[in-house]
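Here the structure is laid out as structure tokens; the discussion comes afterwards.
The values are calculated or read from the model by the stated rules, or taken from the named source; none is laboratory data. Please read these numbers as outputs of a predicted model, since none were measured by experiment. Because the Cβ atoms are built from the backbone with ideal geometry, glycine has one as well, and the counts that use them run over all protein chains shown. SASA here: full protein model, heavy atoms, side chains in, ligands and nucleic acids out. Shrake-Rupley method; radii C 1.70, N 1.55, O 1.52, S 1.80 Å.
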Amino acid sequence: MKVLLAGGAGYIGSHTAVELSKAGYDPVIVDNYSNSSPIAISRCEEILGKSLTFYEADVTDKEALRAIFTKEQPDAVIHFAGFKSVDESVRMPLLYYRNNIDTTLSLLEVMREYDVSSFIFSSSATVYGENAQIPCVETDPTGGCTNPYGWTKLMNEEILKDAALAITNLRVVLLRYFNPAGAHESGLIGEDPKGIPNNLMPYVTQVASGKLPFLKVFGNDYPTVDGSGVRDFIHVVDLAKGHVAALEYAKNHTGVEIFNLGTGRGVSVLELVNAFVDSTGVDIPYEIVDRRPGDLAEVWANPSKAKELMNWQATKTIGDICADAWRWQSNNPQGYE
Ligand code: NAD
Ligand code: WQD
């Protein structure tokens, strides 16, 4: 079964390409490399010991998509392509709304032309918004997003729900990722943020490597286990396997289904720092600073629906996440450059 991975050269897409291929699927990667590198694809090929099909194209370009659909005749689409920086989305909202929504519309329109019905979408825990109830359950209310990036995820969910109401054979799976982290255990692929990382784990690994002097812990006065923020860090390989499970699920279900992809365990920022030191032996100097605006005290998933309906659950520990993230960072101090 051929699966088109829009944005498949990125962090989550590249790990998913590997897991799909290992599970017997045939991934076709489409990416414009706006936040990735073709080297990620050659690293996937190295892990798999075989070549992959890939195209450099903008997913908003329907003519380019038609040419790819004509040649490849994919059976399903997984849509990772989008911009993902919360900060940048506040500064450049129109860019985010344009890219993150146009990619979805173009894919859906071309899928209709080619009678492709399965669509897996990279959504985010951010759709639960600032009033999130913890642990988050798929039936909880959404909205109250605190930035344009978050709204693009929620708007995409609504677009996909409406499309599935009107197009009877459409099969949509909305995957709400919690905090993806870690890297493939080979150390060949991983997260390669441009500039200074916004997210915790790449920041920690760059402190460990000496690229950044110390970690700023955003707040130690939250009502949590140790005062620092609590998140549900999910190993990117577990997350990638969630996409394989979602494709299997979509084979037998029309309409829309929503799944949280998280571990169900909250880990605080300071617990993560300690886990990193324990599993790598590398010290992480840190300072407590003010809370970061827009951050919530705790966000973690109830992942039982994914276990029940897709037989998927995360298996890797926070120690695995830290060890694998560090292997990737130390083997590739400049990322894919
Ligand atoms: P990423 O930036 O590494 O991957 C996204 C890929 O899409 C990149 O390779 C980029 O070059 C490509 N892309 C962007 N716009 C494109 C376009 N118009 N045409 C073709 N390619 C385009 O990000 P990621 O961490 O792998 O995230 C994948 C998806 O998951 C994104 O939609 C993101 O919003 C979502 N998500 C990520 C996280 C996270 O913390 N990483 C959490 C929740 C949801
Ligand atoms: C995690 C925790 C910070 C950096 C974001 C997006 C979300 C999703 C995942 C895409 C928080 C603390 C962080 C640092 C710190 N992305 N922290 N020092 O904010 O949970 O989620 O990425 O959908 O939409 O909002 O992730 O990794 O930025 O932060 O103390 O230098 O680490 O305060 O408690 P977040 P994060």
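Can you list residues from other chains, or at least 5 along the same chain, whose modelled amide H is less than 5 Å from the amide H of S118?
Under 5 Å from the amide H of S118: V77, R171.
Over the range 180-306, with a single point scatterer placed on each C-alpha, what log10 of the ratio I(q)/I(0) does the Debye formula yield at q = 0.11, 0.12 1/Å?
-0.46, -0.55
Taking square-rooted eigenvalues a ≥ b ≥ c of the alpha carbon gyration tensor, is the range 34-95 rounded, prolate or oblate, where a/c under 1.5 means rounded and, failing that, a/b exceeding b/c means prolate?
oblate
Please name which of S117, T60, A297 has its Cα lying farthest along the dipole of the chain towards the positive end, using unit charges on Cβ (Lys, Arg +1; Asp, Glu -1) and the Cα centre as origin.
Of the listed residues, the answer is S117.
In deg cm²/dmol and to the nearest 500, what is the mean residue ellipticity at 222 nm of the chain if only DSSP H runs of at least 4 residues count, each as -39500 (n - 2.57), divided by the residue total?
-13000 deg cm²/dmol
Can you pull the percent of the chain's accessible area that's carbon plus sulfur, 1.4 Å probe, other chains left in place?
49 percent
Per residue, what volume in Å³ does the convex hull of the Cα atoms of the chain enclose?
121 Å³
If amide hydrogens are placed 1.01 Å from N in the peptide plane, which non-local residues have theirs closer than 5 Å to the one on V3?
D26, V28, D75
What does the extension gain come out to for I288 and K22, with contour length at 0.36 nm per residue minus their alpha carbon separation?
91.5 nm
Only bridges whose two residues both fall in the range 203-306 count here: according to DSSP, what percent of them are antiparallel, nearest 5?
Once the DSSP bridges in the range 203-306 are tallied, antiparallel ones form about 25 percent.
Between S330 and R91, what FRET efficiency follows from the Cβ-Cβ distance if R0 is 30 Å, with the result rounded to 0.05?
0.40
Please check which bits of the range 155-189 a label hung off T315 would reach, taking the label as a point 7 Å along Cα-to-C-beta and the cut-off as backbone N under 16 Å.
184-186
Taking the simple approach of a point 7 Å from Cα along Cα-to-Cβ for both T146 and N252, what is their distance in nm?
Using points 7 Å along Cα→Cβ, the separation is 4.0 nm.
Over the chain, give the accessible area per residue in Å² for a 1.4 Å probe, as an integer.
On a per-residue basis, the chain sits at 42 Å².
Roughly what % of DSSP beta bridges within the chain run antiparallel, to the nearest 5?
Restricted to the chain, the bridges split so that about 5 percent are antiparallel.
Which residue, F80, F259, F218, tops the fluctuation ranking in a GNM of the chain built on C-alpha contacts under 10 Å?
Residue with maximal mean-square fluctuation among F80, F259, F218: F218.
Under a Cβ-only charge scheme (Lys and Arg +1, Asp and Glu -1), can you give me the dipole magnitude of the chain about the Cα centre, in debye to the nearest 20?
260 debye
What are the ³J(HN,Hα) values, in whole Hz, obtained from phi via the Karplus relation 6.51 cos²θ - 1.76 cosθ + 1.60 with θ = phi - 60°, for each residue of the range 75-87 in sequence order, with x given for Gly and Pro?
Listing the rounded values in order: 9, 7, 10, 10, 10, 9, 5, x, 8, 9, 8, 4, 4 Hz.
How would you rank 318-331, 185-198, highest first, on the average number of other Cβ atoms within 10 Å across their residues?
Order by mean packing, descending: 318-331, 185-198.
Packing-wise, with mean Cβ within 10 Å as the measure, how do 134-140, 164-170 rank, highest first?
My ranking of the peptides, most packed first, is 134-140, 164-170.
What order do you get for 146-152, 106-112, 304-310 when each peptide is scored by the mean count of other beta carbon atoms within 10 Å, highest first?
Taking the mean over residues of other Cβ atoms within 10 Å, the ranking is 146-152, 106-112, 304-310.
Using each residue's phi in the range 252-264, evaluate 6.51 cos²θ - 1.76 cosθ + 1.60 at θ = phi - 60° and report the 3J(HN,Hα) Karplus result to the nearest Hz, with x for Gly and Pro.
Taking θ as phi minus 60°, the curve returns 10, 9, 8, x, 10, 10, 10, 10, 6, 10, x, 8, x Hz for the range 252-264.
Check L215: other-chain or 5+ apart residues with amide H under 5 Å from its amide H, H built from backbone geometry?
Amide H to amide H, under 5 Å and 5 or more residues apart or across chains, L215 pairs with Y286, E287.
Looking at L175, A17, P223, which one has the Cα that reaches farthest to the positive end of the dipole of the chain (charges on Cβ: Lys, Arg +1; Asp, Glu -1)?
A17
If you plug each phi of the range 181-191 into the Karplus form 6.51 cos²θ - 1.76 cosθ + 1.60 with θ = phi - 60°, what whole-Hz ³J(HN,Hα) values come out, in order, with x for Gly and Pro?
Per residue, the Karplus-derived 3J(HN,Hα) values read 7, x, 7, 4, 5, 5, x, 8, 10, x, 7 Hz.
For I196 and L48, FRET efficiency with R0 = 22 Å and r from the beta-carbon atoms, rounded to 0.05?
Calculated transfer efficiency: 0.10.
In terms of Cα to Cα distance under 28 Å, which lysines are near enough to K305, apart from those fewer than 8 places away along the same chain?
K2, K22, K84, K153, K161, K241, K251, K316
In Å, what Kirkwood hydrodynamic radius results for the range 1-57 from the alpha-carbon pair distances?
When all Cα pairs of the range 1-57 are included, the Kirkwood radius is 10.7 Å.
Report the Cα centroid-to-centroid distance between the range 37-93 and the range 272-337 in angstrom, as an integer.
25 Å
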